[in-house]
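Remarks on the structure that follows.
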């Protein structure tokens, strides 16, 4: 349960995201991709969601910690109350921070917030060596206090990254209307402050772990987020653009940095805290990497298989794995897509 001190912040944040109007953007790559992707029914979509939520709930009971609200708990601290209240002013602006806040509150048990849970499950499965410094702090679920802190740090960093990715380019040439630009600038300020606040708390938690190797691993993951933004080409709002020569290798290289590195280094770090050798830590790294990439593949597939969550005509990532596989055999389409985009992905007709 949330403490009474945090209830005003939670109510304010929930009120803001409740009023977000759902707007559908144009989407769907080509008739060939649409034909090859099977569209799931409402029943199957709800069934899969129920099964996933049940699995996450069972896993949380196993490790003894409700990990799906780690980062939300931090955002609802007393220091963050004023920021939560300002979210009300953004209702109607369609700023990405609102959608992120909505997903945090209403979709806690999605793959958006289960990285910390994976870290705790691995911690429980691996156990601890006799040289582990924290044997006295192992709880009933077999997880030490420092490993739980590491899981919270993982969630905070991931959420901070999602929030920072929602910062918009608000130059006069992109958003000519001054009133709209001022409203969106407030959203950018909140995004920057929120993400930085989470990162600051994560760094403080890292220091309290008192393990230089873990600090190095997690710092590398944060640096990889930044490096990923310099791979490939982007439109003026930071949306990825397709280029000739895209293949599975280039996709894996970029998404390892943006999606796999944090979980990989977190899994490696939790075994470091448990006192395991580098050989087993390397296997934990590969485990986290592959889980992270698998999640990214799942996310890339959703616009093509989930008609309930992604209605036909909605926008999707033009560098996602299904698109890459399609364009590998149709390189001539890359030039046509780039001509139609004209530095803004929203200019592209996703129904063609």
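What follows draws every value from the coordinates through simple rules; no lab data is involved. Keep in mind it's a predicted model, so treat the numbers as computed, not measured. Cβ coordinates were reconstructed from backbone atoms using ideal geometry, including for glycine residues, and neighbour counts include every protein chain displayed.
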### Task
Look through 300, 317 and report the one residue that is assigned to a loop (DSSP other than H, G, I, E, B) and either closer than 24 Å to residue 247 by Cα or free of Cβ contacts under 8 Å to residues at least 40 places away in the same chain (or both).
317
### Message
Can you find a residue that is assigned to a loop (DSSP other than H, G, I, E, B) and in contact with a strand residue (DSSP E or B) (Cβ under 6 Å, 6 or more places away or on another chain) anywhere in the range 239-253?
### Response
yes
### Query
Does any residue of the range 204-220 turn out to be within 30 Å of residue 275 (Cα to Cα) and not in a helix (DSSP H, G or I)?
yes
### Query
Restricting the search to the range 224-249, which residues are farther than 19 Å from residue 161 by Cα and under 20 Å from the mean Cα position of the chain (by Cα)?
241
### Query
Would it be correct to say that residue 343 is under 18 Å from residue 235 (Cα atoms), in contact with a helix residue (DSSP H, G or I) (Cβ under 8 Å, 6 or more places away or on another chain) and assigned to a loop (DSSP other than H, G, I, E, B)?
no
### Task
Check the range 255-267 and report whether any residue there is without any contact (Cβ under 8 Å) to a residue 12 or more places away in the chain and touching a helix residue (DSSP H, G or I) at 6+ places or on another chain (Cβ under 6 Å).
no
### Subset of the range 253-285 [more than 22 Å from residue 120 (Cα to Cα) and either more than 23 Å from the chain's Cα centre (by Cα) or surrounded by fewer than 16 Cβ atoms within 10 Å (Cβ to Cβ) (or both)]
253
